[in-house]
1. Going by average Cβ density within 10 Å per residue, which order do the peptides 68-79, 101-112 take, highest to lowest?
2. For the stretch 121-170, compute Rg over Rh where Rg is the Cα radius of gyration and Rh is the Kirkwood radius from the inverse mean 1/r over Cα pairs.
3. In whole angstrom, note down how far apart the Cα centers of the stretch 140-194 and the stretch 15-35 are.
Amino acid sequence: MSFCGSRQGSLSVKDGVLKNKCFVDTMNIIPHGLFLVISALILIAWRESIMGQLNAKTWVHFRCHSVRYIFTVTLVLLCAFEIFEGTVSDYIDPDSINFHVIIPPAFAFLSSILSLVLYHNIEMWNSPRFLLILLAYWVCACGLKLLKVFSLYVNDIETIHLRLWICCAVTANYVILVGVELLVLIMQVCCCKF
């Protein structure tokens, strides 16, 4: 039993990186793990600083506030659905336990929830510079999820498979969140100059 399952060649990339679904899934853990660590450190450091002890009397909503929450909550639900799909498909395959279909969506689920917490605090702090962290996270997560879509395509996963549809929906959500982040940052820069 291992992260990639117990089948022969489950760790091999000699046919190409995109042909190894486990390697691509492992790569998908990286942005979520980094975001979990970095945002947790930011939230803890801010809470322990003098600025974190002040009671905020106002709450500044950045532009696209509702759109961001709608698509992030949708992303959380899609990640939960992806965890469920990975668990069911792994249960159907009794020969091997494949943690690589469950753990990356679990990391994405936790990161999505933490992104909501961080965004809420960024609004409370009225510090749009911290949105750059979210932008970097969304871009990296989107790029690696797009790599997974290509990997599924290369491995002949057809449109009748639920995993492909979920992966495409998550990728579309990431693209929208990148667009929202860019829009908010551009609007913050343009509005502050006037």
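Read the figures in this text as sums done on the coordinates, not as results from a lab. In this text the structure is predicted, and so the values were computed from the model without any measurement. Here Cβ is always computed from backbone atoms with ideal geometry, including for glycine, and neighbour counts include all displayed protein chains.
1. In descending order of packing, they fall as 101-112, 68-79.
2. 1.24
3. 16
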